[in-house]
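Please treat every number below as a calculation from the coordinates, not as lab data. Owing to the predicted nature of the structure, the values given are computational and were not obtained by experimental measurement. Heads up, the Cβs are rebuilt from the backbone with ideal geometry, glycines too, and the neighbour counts pull from every protein chain shown.
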Amino acid sequence: MSEQQSPGTAAAAAESAKSYFHALTGHEKCSVTGLRVRPEGGWSVLLDVVELSRIPLSTSVMATYRVDIDGAGQLCGCERLRRYTRGATDG
């Protein structure tokens, strides 16, 4: 994989990560919050998702996952990095 990636490739990696994430977890709605090229090729995509919806919404439990996609667009790994309350700020 070359060091320079076209914007379409990054977008395709993000969509691929979201698709794999949905298949693994059942969570349909997630937001891409980070994207970077992996040193060994492919992409590492950060996804934020509501894991537990609560009322008020500011108390919902959120999570950030990292989904790794190889240069061929296949899943390499998926892990939850952190859980937090929607209203929480990084300190």
- [ ] Once you have the Cα-Cα distance between Thr59 and His27, take 0.36 nm times their residue separation minus that, and quote the gain in nm to one decimal.
- [x] 9.7 nm
Task: DSSP loop GluC sites (Glu not before Pro) with at most 11 other Cβ within 10 Å excluded, longest remaining stretch of the chain - done: 41-91
Task: Cα-centred dipole magnitude for the chain, charges only on beta-carbon of K, R (+1) and D, E (-1), debye, nearest 20 - done: 380
